[in-house]
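The values are calculated or read from the model by the stated rules, or taken from the named source; none is laboratory data. Keep in mind that what you see is a predicted model, and the values were worked out from it rather than measured. Positions of Cβ are generated from backbone atoms using ideal geometry, with glycine treated the same way; all protein chains shown enter the neighbour counts.
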Amino acid sequence: MVCKTCNESLEAVVNFCPSCGTSVTKIGKRDKSEHLNLVIAFYIVMLVFLVINFFLYQDDSSLMQEIATESIFALIIIGFTFFDFKNIIKLYRFPKIDLLPLLGYITIPFASAFLVYYAVEFINVQLSDETYNYYFGYVDYPNPMFWAVLFVAIFPPIFEELGFRGFLYNQLNKIASTKVTIILTAFIFALVHFSVISLLWIFPFGLLLGYLRHKYNTLWIGMIIHFIHNFIVLYLDYYYFDSTLLEF
């Protein structure tokens, strides 16, 4: 059972939510089926979009193609949120959180960004003697750092958190326990990145974001952590970018 007001998972059969005090209504089989269908639809649509996008990006992409792709992704996420708009909009309330825990959470993406960057760099070199640079994909665009920050550090935290810790989390939490919901959203979040190496860090990263979304019932903390992590990784790519590569 799940409280429809605050999305708190209820481990026992109760008449009132212990978190917000709202009267609890049991979810029937029909309601569960609807939520499950939305989860499946979300996953299939995302998978089809990402597979098509993967093959399109086998060749060099243009700025207009990049803008179109990111816009379609954003529209897909926004479209699904309208199925649960009332509950999702509540996730944009600023939570009451003490300064010390907040500072502690914000230090995590700083550590994770450096750890992931150098670890993935090491693994790539060992496996293929090659490296991957996010910034390199934008150097041919006008104002490359602007577009790199927009598409790597800003868009993903906004729309991935809305899609996975917002819509998908809400639907799963209505048919599964909180622990299962956090694990499933993290696993699906990792899967859609289409990288075996990324699974090693995106899955635990998704677990953290899911836990914070549950603990504070907000998307803001996850968005901030997601932004800091992506921005630092991008900046490291920018810092180590070798402009001589453009000559080849």
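Given (1) at pLDDT below 90; (2) surrounded by fewer than 12 Cβ atoms within 10 Å (Cβ to Cβ), where does I44 come up short, assuming only one miss?
So the condition that I44 fails would be (1).
What number of residues within the stretch 168-189 are buried (at least 22 other Cβ atoms within 10 Å of the Cβ) and in a helix (DSSP H, G or I)?
Number satisfying all stated conditions: 11.
Return yes or no: is L103 hydrophobic (A, V, I, L, M, F, W, C), over 21 Å from I89 (Cα atoms) and assigned to a helix (DSSP H, G or I)?
yes
So, in the stretch 201-218, of the ones that are free of Cβ contacts under 8 Å to residues at least 24 places away in the same chain and touching a helix residue (DSSP H, G or I) at 6+ places or on another chain (Cβ under 8 Å), which residue ends up farthest from L115 (Cα to Cα)?
Looking at the filtered set, the residue picked out is F203.
Residue check: is F164 under 30 Å from S62 (Cβ atoms) and either out of contact with any strand residue (DSSP E or B) (no Cβ under 9 Å at 6 or more places or on another chain) or hydrophobic (A, V, I, L, M, F, W, C) (or both)?
Yes; evaluated as a whole, the condition is true for this residue.
(1) touching an Asp or Glu at 6+ places or on another chain (Cβ under 9 Å); (2) under 27 Å from T69 (Cα atoms); (3) crowded, with 18+ Cβ neighbours inside 10 Å; (4) not acidic (D, E): which one isn't true of R165, the others all being true?
Going through the list (1) touching an Asp or Glu at 6+ places or on another chain (Cβ under 9 Å); (2) under 27 Å from T69 (Cα atoms); (3) crowded, with 18+ Cβ neighbours inside 10 Å; (4) not acidic (D, E), R165 breaks only (1).
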